[in-house]
1. Leaving out ligands and nucleic acids, and using a 1.4 Å probe, what accessible area per residue does region 111-188 come to in Å²?
2. Using mean Cβ contacts within 10 Å as the protection proxy, how do 141-147, 162-168 order, highest first?
3. Subtracting the Cα-Cα distance from 0.36 nm times the residue separation, let me have the gained length for residue 140 to residue 208 in nm, one decimal.
4. Under Stokes-Einstein, with the Kirkwood radius over Cα pairs standing in for Rh, what whole-number D in µm²/s applies to region 126-214 at 37 °C and 0.692 mPa s?
5. For region 142-183, what does the alpha-carbon gyration tensor say about shape, rounded, prolate or oblate, given a ≥ b ≥ c as the root eigenvalues, a/c under 1.5 as rounded, and a/b over b/c as prolate?
6. Could you pull out every residue, at least 5 positions away or on a different chain, whose amide H is within less than 5 Å of the one on residue 36? Hs are placed 1.01 Å off N in the peptide plane, and Pro or chain starts have none.
7. Counting only protein heavy atoms and using a 1.4 Å probe, what share of the accessible area of region 9-61 belongs to carbon plus sulfur, as a whole percent?
8. Once you have a ≥ b ≥ c as the square roots of the Cα gyration tensor eigenvalues for region 113-167, tell me rounded if a/c is under 1.5, and otherwise prolate or oblate according to whether a/b is larger than b/c.
Amino acid sequence: MGLKKDAALQAALHEGWTSACQLYEHLHAGGDLAVLPPGPVRLNPGEVAYADTVLGYARFYGMNVTYQQHSTLLLGSAGFVAAGLTANMIANSSARRRAEAQAAGQWRDHAHVRTILTNHRLLCDYGGQWLSFWHEGIVEFQGDLAQWLFVLRYEVGDPVLLHGPGAPWFAVAVAHLGYGRPGLQLPGLMVLANAVADAVAQRRRAIEGEVVAGTGGDGAPT
């Protein structure tokens with residue numbers, strides 16, 4: 001069963017990478033995203049959907065955490081009282097450190113969510129609620145497509161992490177929609193852009209009749 005899961009995952013990653021490379025090359029050549037047929041999710045007037053799949057999801061934020069300090073009435077010898085006070089201090093210090101760690105900014109709300117990409121936003125179905133992340137509010141795009149993930153930071157709201165086999169395709173599409181044509185040159189897409197450039201060069205050499213050793217790869221990260 002484990003081997004079948006690994007094989008299925010590798011196949012999904014390969015398909016996701018290949019589709020992202022194809023989309024990048026298509027957009028780079030002046031093409032546009034293909035529109036999906038209307039679905040059950042009602043969009044705004046003039047809004048169209050380009051993709052609908054499941055992605056890994058998380059948000060980055062801190063939170064307020066409270067903890068209770070313990071204080072024990074100690075009666076007895078000086079040594080007994082000192083030992084008890086030390087134990088209280090250690091327990092309170094440990095509780096404070098746990099609370100500080102829980103409160104610190106970190107990736108939270110990890111889930112796999114249905115994600116719809118439209119010309120205006122990303123729609124994520126988290127916890128039974130549709131959340132909208134609008135392209136016009138994007139301030140920063142960070143990608144690590146070698147790890148199958150990208151991060152979006154917005155003017156308002158917490159950063160969003162999306163990952164999984166479909167993430168490279170969504171990263172290319174979001175960069176294109178949020179930044180226009182220059183979005184294809186964002187640093188977060190460079191590993192994929194280089195893979196596309198290598199594949200194009202290999203095809204050109206093959207057409208020209210040059211024998212290329214080691215061809216057949218798609219530049220996908222392993």
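The values are calculated or read from the model by the stated rules, or taken from the named source; none is laboratory data. Quantities reported herein were computed from a predicted structural model and do not represent experimental measurements. Here the Cβ is made from the backbone with ideal geometry for all residues, glycine too, and neighbour counts use every protein chain on show. These accessible areas exclude ligands, DNA and RNA; they are computed on the full protein's heavy atoms, side chains included. Shrake-Rupley method; radii C 1.70, N 1.55, O 1.52, S 1.80 Å.
1. Heavy-atom SASA per residue in region 111-188 reads 44 Å².
2. Working: 141-147: 17.0, 162-168: 23.9.
So the order, starting with the most tightly packed, is 162-168, 141-147.
3. Details: separation 68, 0.36 × 68 = 24.48 nm, distance 4.10 nm.
Computed gain between residue 140 and residue 208 is 20.4 nm.
4. 223
5. It is oblate, given that a/c is not under 1.5 and a/b is not larger than b/c.
6. 49, 50
7. 59
8. It is oblate, given that a/c is not under 1.5 and a/b is not larger than b/c.
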